[in-house]
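The values are calculated or read from the model by the stated rules, or taken from the named source; none is laboratory data. Treat the numbers as computed from the prediction; the structure is a model and nothing was measured. In this analysis, Cβ positions are derived from the backbone assuming ideal geometry, glycine residues included, and neighbour counts consider all displayed protein chains. Side chains included, ligands, DNA and RNA excluded: accessible areas come from the protein's heavy atoms. Shrake-Rupley method; radii C 1.70, N 1.55, O 1.52, S 1.80 Å.
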Amino acid sequence: SGLLQAPFVCMCRLVAILSEHAVSIADFITRPAMSLIRQSYTSQERQKLPHGQLPVLAYQQPSLNGDGYGLGWYSATPDEIDTARPEDSTPCVFTSLKPAWNDANLSNLSEKISTHLLFGHIRAAGPGMPVSEASCHPFKAGKYMFMHNGLIARFSKVQRRLLSNVSDQAFKIAVAHSCVDSAVAFAVFISELLGSVTLDEDLALPHRPAAEIQAALRRTLLRIDECLAAEGVVDEISLLNFCVTDGFTMIALRFVLGDPDAEGENEGASLYLSTGSAWLPEEDTKGKEDGSTAFHMFHTSAIPSIAVVASEPLTDTREEWFSVPSNTMAILARSNGGITVCTCPVELAEASQDIPEALEVQAAQKVGKPTETGAPRPGEDEDEEVVIRTTEMILTV
């Protein structure tokens, strides 16, 4: 029915940060004008119902994400990820079924925790999905962390088929999280990535190359597509915005599956990327009437040291944000004291092709004149702007 068409029930909002220096969780979750906690009750870019159709169920309220939230972060520094004790290289995850705007624990934790890698997620449970703490993102398994914005179309029809070929340990991951569509997608990913290697064995291994994680995520997409086709689900859209990390590399995906039978409705759930040298507040905006602070991404080097992925921009300065195109992966990896950024279009195909073993730096930034604080102000010079170059390579699965 029209009520269940995926383009009109795009759920959840997320934010992910990869940084070379420790950052306060509050600078992304609670303090900015469009922080994740504010998006829990006033999100702006969730896709809406067709004109004239009124929301009947909670998940159809386009501004509301009140079915729980979660934070995930790593306590180990980037230098410690591969050398720390196995138990220290796993992420910390905190989830709650409370609405994000109504939980003092979220504000308290955010103010006191700093990390080099953060996942934040607010949930709007989709049709037929349980509302429980177990189904709140992010999910973790071993050193890996995963979150999803969107849904798999007619999931009840494809759930069993998706789980039929996953490993035993991946199946247990799905069960632990109520077998919601997002958890099943994570289970497929873990099965594709690790194969017969156990999570405990993987903890003792160095971090995997970005290309290996990328290839497993592409195979996950192909598996979902195959299962949907096998069950005859070809006329509804699945929204697959995935974020996955091993604590060293982060991959953010904006993808849509299904028949693009409506113009402008098949671009997928929104996803943005911002990179720079530092994410800092404007001092004169602290303590505004609404309690928020204006943040900006500052640039003092051509090599970024922080990258922010978000469902919606966290600032009002749109020039700071690059809209990730539909059916595209953004690969963020630590390299030479900075963060490399590569965006790659993804197409599904019958045959698999090899992908490059190394990812080239595809982020180019122009540095403006420094201010008294040593950082250029966004918009100070119209010619000084951040440019994210997109690779011309098309990744086929």
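Brief remarks follow.
- Taking every residue in region 327-340 that is free of Cβ contacts under 8 Å to residues at least 24 places away in the same chain and pairing it with any residue that is open to solvent by 20 Å² or more (accessible area, probe 1.4 Å), at least 6 positions away or on another chain, the pairs with Cβ-Cβ distances below 9 Å are Thr340/Ile303; Thr340/Arg334; Thr340/Leu359; Thr340/Glu360; Thr340/Val361; Thr340/Gln362.
- All positions within region 195-229 that are open to solvent by 10 Å² or more (accessible area, probe 1.4 Å), without any contact (Cβ under 8 Å) to a residue 40 or more places away in the chain, closer than 29 Å to Thr340 by Cα and among the aliphatic types (A, V, I, L, M): Val197, Leu205
- Single residue of region 230-240 satisfying the filter (at pLDDT below 95 and not in a loop (DSSP other than H, G, I, E, B)) that is surrounded by the most Cβ atoms within 10 Å (Cβ to Cβ): Leu239
- Residue among Ala307, Ala330, Ala269, Ala364 that alone is part of a loop (DSSP other than H, G, I, E, B) and either at pLDDT below 85 or not charged (D, E, K, R) (or both): Ala269
- In this structure, Ala141 does not satisfy being modelled with pLDDT under 95 and either under 21 Å from Ser96 (Cα atoms) or buried (at least 23 other Cβ atoms within 10 Å of the Cβ) (or both).
- Within the option set Ala204, Ala216, being modelled with pLDDT of 95 or more and small (Gly, Ala, Ser) holds for one residue only, Ala216.
- All positions within region 191-205 that are of a type outside the set (S, T, N, Q), over 17 Å from Asp225 (Cα atoms) and touching a helix residue (DSSP H, G or I) at 6+ places or on another chain (Cβ under 7 Å): Leu193, Leu194, Leu199, Asp202, Leu203, Ala204
- Restricted to region 333-351, and to residues there that are part of a strand (DSSP E or B) and charged (D, E, K, R), the residue that is most open to solvent (accessible area, probe 1.4 Å) is Glu347.
- Here the condition is being crowded, with 19+ Cβ neighbours inside 10 Å, at negative phi and either at pLDDT below 55 or assigned to a helix (DSSP H, G or I) (or both); of Ile37, Ile17, it holds for Ile37 alone.
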